[in-house]
């Protein structure tokens with residue numbers, strides 16, 4: 001074999017391995033798997049809610065393992081599909097020492113995180129509106145779509 005043939009074989013191997021790497025996505029971090037659970041909050045006998053009040057819901061999110069979250073936001077899905085800079089209803093960012101967590105509840109404090117805009121709390125969610133939770137944990141990301149049920153369905 002001459003030098004030209006060896007060079008062509010080496011070039012072919014490099015191009016083939018680069019193509020396999022690019023097409024397969026083997027080295028991309030896996031997406032974070034998120035489960036969403038929507039349920040009425042637990043009622044306390046000491047604090048009954050007036051009958052005229054509309055039912056509120058707790059929205060809980062669980063992850064496939066513990067993650068050190070670096071960014072978390074909830075946006076209206078229709079706005080997000082047309083504008084990636086949509087106004088977040090709830091946006092938390094990590095402090096320098098985020099604590100690994102496996103589950104969160106919409107609007108509640110998360111250890112090691114603070115609101116992106118200081119003093120801003122989570123906005124209330126409306127029924128029959130599609131929302132998206134978007135989270136980042138280092139280089140890994142995940143999202144979950146959810147919608148609160150109609151108030152008339154809960155009795």
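Counting only alpha carbon atoms, the long axis of helix 3-24 and the longest principal axis of the chain meet at about 10°. Counting each DSSP H run of 4 or more residues in the chain as -39500 (n - 2.57), what helix-only mean residue ellipticity at 222 nm follows after dividing by all residues, to the nearest 500 deg cm²/dmol? Estimated from H runs of four or more residues: -6000 deg cm²/dmol. Need one word for the range 50-118: rounded, prolate or oblate. Basis is the Cα gyration tensor (sqrt eigenvalues a ≥ b ≥ c); a/c below 1.5 gives rounded, then a/b vs b/c decides. The shape class here is oblate.
Plugging the Kirkwood radius over Cα pairs into Stokes-Einstein for the range 99-155, at a temperature of 37 °C and a viscosity of 0.692 mPa s, what D comes out in µm²/s? Mind dumping the intermediate values first?
Working: Rh = 13.7 Å.
In µm²/s, the coefficient rounds to 239.
Radius of gyration (Cα atoms) of the chain, expressed as a multiple of 2.2 N^0.38 Å: 1.52. Separation of the range 111-148 and the range 66-96, taken as the distance between their Cα centroids, equals 5 angstrom.
How far is it, in nm, from the label point at residue 7 to the one at residue 93 when both lie 7 Å from their Cα along the line to the Cβ? Label-label distance for residue 7 and residue 93, simple model: 5.1 nm.
Where a number appears in this text, it was derived from the coordinates with a stated rule and is not lab data. Computed from a predicted structure; not experimentally measured. No Cβ is skipped: glycine too gets one built from the backbone with ideal geometry, and neighbour counts run over all protein chains shown.
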